[in-house]
Structure formats: C-alpha cells, structure tokens
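Visitor: Encoded as structure tokens, here's the structure I'll be asking about.
The values are calculated or read from the model by the stated rules, or taken from the named source; none is laboratory data. Fair warning: this is a prediction, and the values are worked out from it, not measured in the lab. Every residue, glycine as well, gets a Cβ built from its backbone with ideal geometry; the counts of neighbours run over all protein chains shown. For accessibility, only protein heavy atoms count, side chains too; no ligands or nucleic acids. Shrake-Rupley method; radii C 1.70, N 1.55, O 1.52, S 1.80 Å.
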Amino acid sequence: MSAALDAFTPAVARWFTARYGEPTPPQAQGWPAIQRGEHTLILSPTGSGKTMAAFLWGIDRIYRDLEANPTLSGVQLVYVSPLKALNNDVERNLREPLAGIQQTAQRMGLTLNKLRVAVRTGDTPSSERQRMLRQPPHILITTPESLYLLLTSVQACAMLDTAHTVIVDEIHTLCGNKRGVHLALTLERLARRTPRPPQRIGLSATQRP
C-alpha cells in the first residue's frame, strides 16, 4: 500500500487501493498537507484525481467522527462550485466511493455509519430544503450564492456551525471578480460561526491566465 494512504482508516485505504491502485501525483502530494489541516491549493489537469484528493480525507474524517459519535449531526464538509452542473456530477461521483467503502468495510467485518450527502442550489425543491433542516447532510454540495443564502437564514445557518472543511472547485473562475469577492466574504462569515476556521481546499485545472 502506498505511504500516502497510511493515515487513512483501513476500509478507506483498502477501497482506494482496490479501486485505483496507486495515488496520482495530486493525491500523493496533496494528502499530507490536507491531513495536517493546512489550507491547500491543488492545480492539476482534468482527470488527474484532484477531486478525490480533496474529498477522501474529509470522508475518512467523517467516518472516524461517526464511529466516535453515531449521532453526529450538522454539515462537516462543504463543497462549493460555481457550476450547478458540476455539483450534480460531484454528487453522483461521490455515490460510488461511499458505496464502495461501505462494501469494503463489510467484507472486513466492520460496520460504518451512513454518511449523508445533499445538494443545495437555487433549483433544490423546497421539500428537499426542509428535509435538510430536519436532518442535515454531513457533506453539503452547493454554489457560492446558495451558501450565502444559507448563512443569512436563521434556521439554515445553524447546520453549518459544525463545518470543518470547505472545498472550492474551479477556483480560477472566482479569482479577481465580484463573484469571488462575494464568496470570500461568505467564507469569512462561515468561519465566524464555526469553533475553528474551516480548512480551505481549492481546486483548479487552469493555471493560465
């Protein structure tokens, strides 16, 4: 097993090795910094595994926390993308590793508590929004604007108080424009609500301009 996977729980590490083999460079280089809790920016080409590099440690951490506290409530990880279509893709792409990790754990004789994922955008039906308030997801996939609206809602903002990680995808589209400034302010508002400022992980396949 790769040394980059040593810090992961056995079920997560074994699933990754069986599914992908060796970590890609963004994963092998990104995980140590992410595991140390450092703010991390990953710039790598499309298809190089950077999304998994950003998510896997957060998933692992949530499973650890669920083992210690099966009733763990509140959003733990926030994924922000400026593209609604990408949000839906990420949700679908998370289903496979979460199901795979659960199956791997079962084969190892381990029991993992269910990790909940939800998408919140301007298109999310009101019934789903209400469901999130009653049972917040552990991983919330959203847009900059929807995150802002959540933080301005008296009811909804409380579920974000537990967030320890924020992933911002396609970060190059937010640099140097009003939308990015607005998101930066939103992230500062989030940091004021949480016990500790969340770790920030930025992703992009674009380095120029």
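Visitor: Positive end of the dipole of the chain, charges at C-beta (+1 Lys, Arg; -1 Asp, Glu), about the Cα centre: which of 105, 132, 29 has its Cα farthest in that direction?
Guide: 132
Visitor: Tell me, what ³J(HN,Hα) does each residue in the stretch 27-32 have, in order and in whole Hz, if you take phi through Karplus 6.51 cos²θ - 1.76 cosθ + 1.60 with θ = phi - 60° and put x for Gly and Pro?
Guide: Running phi through 6.51 cos²θ - 1.76 cosθ + 1.60 with θ = phi - 60° gives 6, 5, 8, x, 4, x Hz.
Visitor: Reported to two decimal places, what Rg/Rh ratio describes the stretch 40-83 when computed on Cα atoms with Rh from the Kirkwood expression?
Guide: 1.07
Visitor: At 0.36 nm per residue, and after removing the present C-alpha to C-alpha distance, how many nm does the segment from residue 194 to residue 157 gain when stretched out fully?
Guide: Stretched out fully, the residue 194 to residue 157 stretch lengthens by 12.3 nm.
Visitor: Scan around residue 41 for amide H atoms under 5 Å from its own, H built in the peptide plane at 1.01 Å from N, and keep only partners 5 or more places away or cross-chain.
Guide: 202
Visitor: Could you report the chain's accessible area per residue, 1.4 Å probe, as an integer in Å²?
Guide: On a per-residue basis, the chain sits at 51 Å².
Visitor: For residue 178, list the lysines whose Cα falls under 24 Å from its own Cα; do not include residues on the same chain fewer than 8 positions away.
Guide: List returned: 84.
Visitor: Hey, any idea what Rg/Rh is for the stretch 46-152, computing Rh the Kirkwood way over Cα pairs?
Guide: Looking at the stretch 46-152, the ratio lands at 0.97.
Visitor: Which whole-angstrom value gives the distance between the alpha carbon centres of the stretch 6-23 and the stretch 130-194?
Guide: 29 Å
Visitor: Based on DSSP H runs of at least 4 residues, each adding -39500 (n - 2.57), what is the mean residue ellipticity at 222 nm of the chain after dividing by all its residues, to the nearest 500 deg cm²/dmol?
Guide: -15000 deg cm²/dmol
Visitor: Using amide H atoms built in the peptide plane, which far-off residues or other-chain residues are under 5 Å from residue 167 H to H?
Guide: 78, 79, 80, 201
Visitor: For the chain, count all C-alpha to C-alpha pairs, find those more than 32 Å apart, and express that count as a whole percent of the total.
Guide: Value for the chain (Cα pairs over 32 Å): 13 percent.
Visitor: Taking 0.36 nm per residue of separation and subtracting the Cα-Cα distance, what length does fully extending residue 127 through residue 181 add?
Guide: Using 0.36 nm per residue and subtracting the Cα-Cα distance, I get 16.3 nm.
Visitor: Then there is this: From the backbone phi of the stretch 183-196, what are the Karplus-calculated ³J(HN,Hα) couplings (6.51 cos²θ - 1.76 cosθ + 1.60, θ = phi - 60°) in whole Hz, Gly and Pro given as x?
Guide: 5, 4, 5, 4, 5, 5, 5, 4, 4, 6, 8, 8, x, 9
Visitor: What does the stretch 99-155 give for Rg and for Dmax, in Å, if only its C-alpha atoms count?
Guide: 14.9, 44
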